[in-house]
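Here is the structure we will look at, set down as structure tokens.
The values are calculated or read from the model by the stated rules, or taken from the named source; none is laboratory data. What you see is a predicted model, and the numbers here were worked out from it, not measured in a lab. A quick note on method: Cβ atoms are made from the backbone with ideal geometry, for glycine too, and the neighbour counts reach across all protein chains shown. Remember, those area values only see protein heavy atoms, side chains included, never the ligands or the DNA or RNA. Shrake-Rupley method; radii C 1.70, N 1.55, O 1.52, S 1.80 Å.
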Amino acid sequence: MGDEEGATKPRVLQMVRADGAGKSCVTFVLHNEDHTLGNSLRYMIMKDPEVEFCGYSITHPSESKINFRIQTRGGLSAIEAFQKGLEELTGVCQHVLSKFEASMEAYKAQEDVNME
């Protein structure tokens, strides 16, 4: 009762590799995610010229789960492409956040001047 140390966290990410597919073709299952992450991440990954295919599907509207498939060519593995896409998307989100916060500060400073 109330012992949460022994409880295991549900998996957020699973990797599914088809038999004989190698490292260049992997399907990632992202739990508790939707089109917001799926489409943004797909866009970032597809910018890499070594990525041959990247797509995702939502299994069912009542499930918050994405099947995210990456297929690469050359020396880049699908896992590396996935990690690189996540890092680039994080960078873009950090940039947008910093610009937003700076704009909010400028707006607040302008409002303080106008109030006086």
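What to note about this one:
- Accessible area (Å², 1.4 Å probe, nearest 10) - VAL96: 90
- For the residues THR90, THR27, THR8, a 1.4 Å probe over the protein chains yields an accessible-area ranking, largest first, of THR8, THR90, THR27.
- Solvent-accessible area of LYS108 with every protein chain in place, 1.4 Å probe, in Å² to the nearest 10: 100
- Accessible area ranking (1.4 Å probe, heavy atoms, ligands and nucleic acids excluded), largest first, for ASP34, ASP48: ASP34, ASP48.
- Paramagnetic reach from VAL92 (point 7 Å along Cα→Cβ, amide N under 15 Å) across segment 28-43: 35-43
- Extension gain, ASP19 to GLU50, is 9.0 nm, computed as 0.36 nm per intervening residue step minus the present C-alpha separation.
- Of the GluC sites (Glu not before Pro) found in segment 1-70, the ones in coil according to DSSP and having at most 16 other Cβ atoms within 10 Å of their Cβ are GLU4, GLU5, GLU50, GLU63.
- Mean-square fluctuations from a GNM of the chain, with a 10 angstrom spring cutoff on Cα atoms, peak among ALA106, ALA21, ALA81 at ALA106.
- The chain: angle of helix 78-115 to the longest principal axis, Cα-based, in degrees nearest 10: 10
- Extreme residue, positive dipole direction of segment 22-79, given options THR36, SER64, CYS54 (C-beta unit charges): CYS54
- Residue-count net charge about VAL51 - beta-carbon cut-off 14 Å; Lys, Arg +1, Asp, Glu -1: +1
- Rounded to the nearest angstrom and listed largest first, the equivalent-ellipsoid semi-axes of the chain from its Cα gyration tensor are 36, 23, 13.
- Apportionment of accessible area to carbon and sulfur, the chain, percent (1.4 Å): 53
- The angle between the Cα long axis of helix 35-46 and the main principal axis of the chain comes to about 70°, on a 0 to 90 degree scale.
- Zero-based 5 Å bins, Cα pair distances in segment 16-75, whole percents: 4, 19, 27, 23, 16, 9, 2, 0
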